Amino acid sequence: MSVTFQKCQLKSLHLNASSVTLRESSCFRFHDDTSSNTITITSPLQVGRCGVQINKNETHAIYKNTLHFSVESSGTITRDEELDVTLSCAYPLDMLISLTTVINPIFSSINISVGGTGQLTAYMALYKDSSYVTPYEGSEVKLSSKSMMYLGVFVQGGDASKFVVVMKNCYATPTANPSDPVKYYIIKDSCPNKQDSTIRVLENGVSRKGRLSLQVFKFVGNYNSVYAHCAISLCDVTAGSCSPSCSGIRSRSASVQESYQLKLGPVVRADPITNVAISGGCIGTHASSALHGFLLLLLLIEALISKIVN
């Protein structure tokens, strides 16, 4: 967060420009520009640091901080009067901004260097719904088999008008190893797996972000986790079309750079335990009912034996 004040304006308000403080004065920068007669104060845009707080609504993240100005004294005594100035910056929520608004988002990133365009960073994150602005937090995600996974990838930096993101191959494995022989393709050769009707590719090869969703699943066997992997490329839109053709007819596409691998997880399937009724003499999860019946039978037998003996 950065704010600039005219020093003459502060002076007219009897404010001492040299005594400006933040709640944590050690982590802000103070720049005195004599040419423009201004002072500029900058603090990190990170929640929990230097007094920065955040409020979120459905569309924006609003960061707030407070500056403390001391009032100059014109007499022989002072009451240490202060003026608090609240700063706020509002950002429309998107896939990147939303990652900065939570403490421990689940995401992965990789730095990319493309000749002539500078440094770019690619990200992949898991979001809670189709708005792609509420990322999951923590070390793992627990979802039921009826839930949907919303996976988003995007790049920051470089020439925004030159490159778009293409999700080439996205797949899931039961382990964190991207070379695990057990894998399930979600996107292959830039096109979605047509055998899975739950897969939806909302954006691929048309902008600097890619979005897909699918229903949660579990690998057959002694597996309980799912890891997502995505090989992405940057496509030069000035060389031709970057949007994948998935109709079965190969079309000319723009030049595609090398692939970059992103990975995140695990996603753990956490379905509630389903009670199974007793059927055909077999005991399911309602074993207590069968046990009560068995105990009652034992009591009846014991009473019958006692009657015969007596």
Surrounding charge for TYR184, neighbours by C-beta under 15 angstrom, Lys/Arg +1, Asp/Glu -1, total +4
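Lys and Arg at +1, Asp and Glu at -1: add these up for the other residues within a Cβ distance under 11 Å of PRO266 and post the number.
Numbers: positive: LYS142, LYS263, ARG269; negative: GLU140.
Overall, the nearby charge balance is +2.
Length gain on complete extension for the stretch THR40 to CYS8, per 0.36 nm per residue less the alpha carbon to alpha carbon distance? It would help to have the intermediate numbers written out before the result.
Values: separation 32, 0.36 × 32 = 11.52 nm, distance 1.36 nm.
Separation in residues times 0.36 nm, less the Cα-Cα distance, equals 10.2 nm.
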Taking 0.36 nm per residue of separation between CYS89 and CYS246 and subtracting their Cα-Cα distance, the length gained on full extension comes to 52.3 nm
ILE106 neighbourhood, Cβ < 9 Å, K/R = +1, D/E = -1, net charge -2
Compute the whole-percent fraction of alpha carbon pairs in segment 98-176 spaced more than 18 Å apart.
50
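Size of the dipole of segment 144-235 about the Cα centre, Lys and Arg at +1 and Asp and Glu at -1 on the beta carbon, nothing else charged, in debye to 20?
Numbers: 11 positive and 5 negative charges, 32 e Å.
Value, rounded to 20: 160 debye.
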In the structure shown, of LYS7/LYS64; LYS194/LYS218; LYS162/LYS183; LYS128/LYS168; LYS142/LYS162, the pairs separated by more than 28 angstrom at the C-alpha atoms are LYS162/LYS183; LYS142/LYS162
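Given the Cα-Cα distance of VAL182 and GLU137 and 0.36 nm per residue of separation, how much length would full extension add, in nm?
Numbers: separation 45, 0.36 × 45 = 16.20 nm, distance 2.66 nm.
Roughly 13.5 nm would be gained on extension.
For segment 161-239, which whole percent of the accessible surface, found with a 1.4 angstrom probe, sits on carbon and sulfur atoms?
Using a 1.4 Å probe with all protein chains present, segment 161-239 comes out at 50 percent carbon and sulfur.
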I'd like to check one number: the per residue accessible area of segment 118-230, probe 1.4 Å, reported in Å² as a whole number.
45
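The values are calculated or read from the model by the stated rules, or taken from the named source; none is laboratory data. Since the structure is predicted, the reported quantities are computational estimates derived from the model, not experimental observations. Ideal geometry is used to build each Cβ from the backbone, glycine not excepted, and the neighbour counts take in all protein chains shown. For the accessible areas, the whole protein counts, side chains as well, though only heavy atoms, and no ligand, DNA or RNA atoms are used. Shrake-Rupley method; radii C 1.70, N 1.55, O 1.52, S 1.80 Å.
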